[in-house]
Amino acid sequence: MGSTEIVASHRKLGLPGGIIIAQSVPEEFAPARDRMEHSLADAINQAQTTGIRGKDVTPFLLDQLRLATDGESLKANRALIVSNARLAGQFATQLGNKNPF
């Protein structure tokens, strides 16, 4: 059973809550895992030592990752946004064709 069938069944049954569909960064844009993990650990440590909290954490971490990866993480995030939009369009089309509502 594919993702759209699961969502359609969930809705048909009237179950509460939602379903999360996740996908990875497209491989051609994915930064090296070790580099990202090390950069993220450094950024988290820096946020903690400088007292960055709450809503300021995410923008700080993203900027630190961008700097640490020479923009590679930003390119990966942009590629993921495009890929997610494409997936959402495909999902909506498939769900609309199945008329699960």
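Structure notes:
- When the stretch 18-57 is filtered for residues that are closer than 30 Å to residue 8 by Cα and assigned to a loop (DSSP other than H, G, I, E, B), the ones remaining, listed by number, are 18, 19, 20, 21, 22, 23, 24, 25, 26.
- Residue 15 vs. criteria surrounded by 10 or more Cβ atoms within 10 Å (Cβ to Cβ) and in a loop (DSSP other than H, G, I, E, B): yes
- So residue 87, is it more than 12 Å from residue 30 (Cα to Cα), within 16 Å of the chain's Cα centre (by Cα) and modelled with pLDDT under 95: yes
- Test: residue in the stretch 36-50 that is more than 30 Å from residue 2 (Cβ to Cβ) and within 15 Å of the chain's Cα centre (by Cα): no
Yes or no, residue by residue, for (1) in contact with a helix residue (DSSP H, G or I) (Cβ under 9 Å, 6 or more places away or on another chain); (2) of a type outside the set (A, V, I, L, M, F, W, C):
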| residue | (1), (2) |
| --- | --- |
| 17 | yes, yes |
| 24 | yes, yes |
| 33 | no, yes |
| 36 | yes, no |
| 60 | yes, no |
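The values are calculated or read from the model by the stated rules, or taken from the named source; none is laboratory data. Fair warning: this is a prediction, and the values are worked out from it, not measured in the lab. Using ideal geometry, Cβ is built from the backbone for each residue, glycine included, and neighbour counts are taken over all protein chains shown.
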